[in-house]
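Encoded as structure tokens, the structure appears first; notes follow it.
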Amino acid sequence: MSALEETTLTPDVKWWQSAVIYEVYPRSFADGDGDGVGDLAGLTARLPYIASLGVDGIWMTPFQPSPQVDQGYDVSDYCGVDPLFGTMEQFDTLLAEAHALGLRVLLDVVPNHCSSAHPLFQAALAAGPGSPERDMFHFVPGPVDMSDGGGLGTGVADLDDVPPNNWQSVFGGRAWSRANPDSARDRDWYLHLFSPEQPDWNWRNPAVGDYFDGVLRFWFDKGVDGLRIDVAHALFKADGLPDSPSAGGVVDGLRSNPQVSDQEEVHEVYRRWRTLAEKYEPHRLLVGEVNLEPARAARYTRADEMQQAFAFAFVKLGWDPAAWAAVGNELEAARQLHGATPTWALENHDIVRSVTRFGGGDVGALRARAALVALLGLPGPAYIYQGQELGLPEVEVPLESRVDPMWARGGVCRDGARVPLPWTGDDALSHGFSLAESVAEPWLPQPAGWGAHAIELQQQNPESSLALVTKALELRRLLWKNEVFGPNDGGTWRVEPGNLLVCERSADFFVAVAMGTEPVRLPAGTVLLSAAPLAADGWLQPNNTVWALRD
Ligand code: NOJ
């Protein structure tokens, strides 16, 4: 029996229904060659650490060739490895070693946009207006001065600045750039929902779908276990590219612009991808970044679409029991309607670390532990973002070191959740992030005191956040094995007096989180796990979570 088969529970539970996946942001995980940027060699060397947590697999954010304008989410070759991260041989080694350790490997696929350096976008620029090459993207001619009978733009400087519609970029500013601002003949604009270096594919052109089938096959043929789909709900734009009824919004441009989000046609893509994923044995997993309300997001995980989609309504919650219960019950209603178990996450590389979101300092750290323990007891698969198991806080990255394009264009900085991990407690350059002898500064500076969170120190401390997460994962696996946890569990949420949040997972099992400021009495039950020590009288101190069996 292979290491992967051993991780499968019972034949009627698919591995991804019970899975916990660890998100790796390769740039910041481990640096094998000492250039200050994490890479495949570093990740491979550190895979045993991930396996020791007791997770089922990893999701790697992009390492494919890219100009790195958006840290790899601007892909110029979907089927390669950027030399910054290593080589394809190194990827093959990583995949084999992960599998040998019993870890599945999911990659990111970015189907909404590519890099402006992608050969097909370059070909489109070169081919000019009206060409089939341009039809792979959204090129739209700007207005033409009719004063000379439709001549090509003589004396129309003001018209040079009129984009095809009012859509705004998620990163700030308009979502359109001129294809060739120096040409009077080429009046095309092209669409980019993110930065101008990330042109959007035109999914209404069937050639785009065919192209991505090839990308999926390439990685699936290699044995990659699944794909996380970037901005999965945005591939199709409303036919005719009409104006947005809202001004578009700067930072949350997708949600506030219904013309670029959640178009019905997009579901056909995922039906096609699911069919493709199921041509492989074992079936490949599709997990979507579907940043929509629960009822809409659940439609992406209907039986013939993706198997998982992140519960985004949950991802960004603060320390607010009423909000947790409301979102939890909404997700449960969506599950009952569409059979779509939520996929839980509290952190990823785009959002403020939960320690900081939940108040920062010691209280934030306690709450983040409690929240993560709660998450791991909820019904459905879960994702942990690298460093979350350590209780890392958000870092205030110095202004001069910020590289996030969203910071430059929209004033929101995601770098603080992406600072390279501390592996060792010593003050040596990079805290063990770089494995090589001679090391460059990490690509984002680690703050003073970073070593106090080090993996090495937490591994030796039975009270550490790392020790707690490892224990929770072990117990979770046991509960699945013993069928206390099952794939059809739901979640009924309520807030009890004293701001005690309770999620009943089944008739037997519940999770309770003390979200108030005073100790609270626990509902009757036998405690299996608590995020912090329990008081002798069985009352729950604030900012603690328990998993319990009903008596
Ligand atoms: C979501 C990714 O997680 C984020 O990092 C990226 O900037 C955008 N999609 C655009 O690809």
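The values are calculated or read from the model by the stated rules, or taken from the named source; none is laboratory data. What you see is a predicted model; the values in this text were computed from it and never measured. Here the Cβ positions follow ideal geometry from the backbone for every residue, glycine too, while neighbour counts run over all protein chains shown. The area values use the complete protein model at the heavy-atom level, side chains included, leaving out ligands, DNA and RNA. Shrake-Rupley method; radii C 1.70, N 1.55, O 1.52, S 1.80 Å.
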Using alpha carbon centers only, segment 498-551 is separated from segment 394-414 by a whole-angstrom value of 38
Hey, what's the per residue convex hull volume over the C-alpha atoms of the chain, in cubic angstrom?
-> 153
Would you pull out the residues with amide H under 5 Å of Gly387's amide H, same chain only if 5 or more places away, H placed 1.01 Å from N?
-> none
Is it possible to state the helix-based mean residue ellipticity at 222 nm for the chain, with each DSSP H run of 4+ residues giving -39500 (n - 2.57), the sum divided by total residues, to the nearest 500 deg cm²/dmol? What is it?
-> -8000 deg cm²/dmol
Counting alpha carbon pairs within less than 8 Å and at least 6 residues apart, what relative contact order, in whole percent, applies to the chain?
-> 14
Based only on Cα atoms, what Rg/Rh ratio does segment 354-498 have, Rh being taken as Kirkwood's radius?
-> 1.04
Relative to the longest principal axis of the chain, what angle (0 to 90°, nearest 10) does the C-alpha long axis of helix 206-222 take?
-> 40
So what's the Cα pair-distance distribution over segment 371-416, bin width 10 Å, in %?
-> 23, 34, 27, 15, 0
Longest to shortest principal axis, alpha-carbon extents of segment 489-549, angstrom | 29, 20, 17
Quick calc: nm separation of the 7 Å Cα→Cβ label points for Thr526 and Glu264 -> 5.3
Computed Rg/Rh for segment 253-343 (Cα atoms; Rh = Kirkwood radius) stands at 1.01
³J(HN,Hα), Karplus 6.51/-1.76/1.60, whole Hz, each residue of segment 254-267, x for Gly, Pro | 6, 5, 8, 10, x, 6, 10, 10, 6, 6, 4, 4, 5, 5
Whenever you get a sec, line up Arg272, Arg284 from highest to lowest accessible area (probe 1.4 Å, protein heavy atoms).
-> Arg272, Arg284
Under Karplus coefficients 6.51, -1.76 and 1.60, residue-wise ³J(HN,Hα) of segment 401-417 in Hz, glycine/proline x = 9, 6, 10, 5, x, 6, 5, 5, 9, x, x, 10, 10, 9, 5, x, 9
Note down the net charge around Tyr383, summing +1 for each Lys or Arg and -1 for each Asp or Glu among other residues with Cβ under 15 Å from its Cβ.
-> -4
Output row, site Arg302, 7 Å Cα→C-beta label point, backbone N cut-off 13 Å, window segment 196-236, residues none
Expressed in nm to one decimal, what extension gain is obtained for the pair Lys14 and Glu396 from 0.36 nm per residue of sequence separation less their Cα-Cα distance?
-> 133.5 nm
Expected vector for segment 292-307, Karplus 3J(HN,Hα) from phi with 6.51, -1.76, 1.60 and θ = phi - 60°, integer Hz, x for Gly and Pro, equals 9, 4, x, 5, 7, 4, 4, 5, 7, 10, 5, 3, 10, 10, 6, 7
Cβ-derived FRET efficiency at R0 41 Å, Asn205 paired with Ala295, nearest 0.05 | 0.85
The set of residues whose placed amide H lies less than 5 Å from the amide H of Leu528, leaving out same-chain residues fewer than 5 positions away, is Trp547, Ala548, Leu549
What does the accessible area of Met306 come to, in Å² to the nearest 10, when a probe of 1.4 Å is used?
-> 0
Place a label point 7 angstrom from the Cα of Lys471 along the Cα-to-Cβ direction, then list the residues of segment 370-403 whose backbone nitrogen is under 17 Å away.
-> 370-377, 389-391
With Cα coordinates, the longest principal axis of the chain makes an angle with the long axis of helix 40-53, in degrees rounded to 10, of 30
If you take every DSSP beta bridge whose two residues both sit in the chain, what share of them, in percent to the nearest 5, is antiparallel?
-> 55
What net charge do the residues around Thr526 carry, taking every other residue with its C-beta under 12 Å from that of Thr526, with Lys and Arg at +1 and Asp and Glu at -1?
-> -1
Running Debye on segment 358-434 with equal point scatterers at the Cα sites and no solvent, what base-10 log of I(q)/I(0) appears at q = 0.28 Å⁻¹?
-> -1.22
Cross-link table Lys279/Lys481; Lys14/Lys471; Lys14/Lys279, entries beyond 26 Å C-alpha to C-alpha = Lys279/Lys481
Kirkwood Rh for segment 64-114 from C-alpha pairs, in Å, is 11.9
Under 5 Å between amide H atoms, partner at least 5 residues away or on a different chain: which partners does Trp201 have, H built in plane at 1.01 Å?
-> His113, Cys114
